[in-house]
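The values are calculated or read from the model by the stated rules, or taken from the named source; none is laboratory data. Keep in mind that what you see is a predicted model, and the values were worked out from it rather than measured. Methodologically, a virtual Cβ is constructed for each residue, glycine included, from the backbone with ideal geometry; neighbour enumeration extends over all protein chains shown. What goes into the accessible areas is simple: the full protein's heavy atoms, side chains included, and nothing from ligands, DNA or RNA. Shrake-Rupley method; radii C 1.70, N 1.55, O 1.52, S 1.80 Å.
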Amino acid sequence: MLKEAIDYYFLHGFSWTNFPTTNWLDNLNQFYNELQAGGLINAAGLTQPLKQGIFEYLHLWTIEAASVDFGRLNLVRPSWTPLTGTPSFLSKTGIGNAGAPLVANFRLAVVSPAGPGDTVLPGTDSSNSCNAVWVKVGGAEATYSELMRTLGETNGRLYTIRQRVNPRIDMLHSYTSASPAVVQNGTIANNTIYGAKSSANVCVSFVNSTETVQGSSALTSDNLTIQFANNMLAGRYVGGAWFGNGSWTNAHLAAMRTAITNFNSRL
């Protein structure tokens, strides 16, 4: 999987100038091994769906150079169209900004559940999906920020993770206008996964691997643009994001957080 990611880095037209260090690539290889040990991927699988396991996409933005190019790749399916946009990047911490709302965010345009080009894989729509961001932030001030959302003509509130001025962290995984679930009182916590998952229209939010039942879902997705780290303010950084199917268990969530924590501890 590491070789495939490197190959597609250059096939997508990225340069040696922004290529990660050998130490970072060794770290990523260990990360792949830990994901496989946790039952999240099968790196030696003979087919692409088997390789990527329960992931649709996986992005890490904690790298060791002032570049976001490798972070544009879907690390479990690098043939996927890379992320676009030019958010501010802080080495080893992720993407954020220097004090003003982000204008050019990381974006992933998809057509779901079927369509031309890169698509969300079959069976992964708003009623059968799991999505999350891993955040690495500093500062205790209460500010409004959106960590992840989708932009669509009719479904702009789907998959939204917000920090409000209350302060609290809200999550919405729904087409409806229902109030989002409060998943954490207080500000965004450092080294924490925030996400939502839905299986057969039963939705839950989670912080790391602690779940909270919340709003409704819908049977199918619309044409969406997934936008990461919208309106992140000073001192706030997102270290990565991922999307998968609704089969994620608490054990999977715990294994994911352990793998990411270990990855960052080796930086």
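Overview of values
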quantity: In order through the stretch 241-248: 3J(HN,Hα) via Karplus (6.51 cos²θ - 1.76 cosθ + 1.60), integer Hz, x for Gly, Pro; calculated: 8, 8, 9, x, 8, x, 7, 4
quantity: Calculated FRET efficiency for the pair residue 200/residue 92, C-beta based, R₀ 51 Å, to 0.05; calculated: 0.85
quantity: Cα gyration tensor shape of the stretch 228-267, rounded if a/c is under 1.5, else prolate or oblate by comparing a/b with b/c; calculated: oblate
quantity: Distant-in-sequence amide H partners of residue 234 (H built 1.01 Å from N, under 5 Å); calculated: 99
quantity: Under 5 Å, built H, 5+ apart or other chain: amide partners of residue 150; calculated: 158, 227
quantity: For the stretch 1-92: accessible area per residue (Å², 1.4 Å); calculated: 43
quantity: Modelled FRET efficiency - R0 25 Å, residue 166 with residue 212, Cβ distances, 0.05 increments; calculated: 0.95
quantity: Linear extension gain, residue 3 paired with residue 21, 0.36 nm per residue minus alpha-carbon span; calculated: 5.0 nm
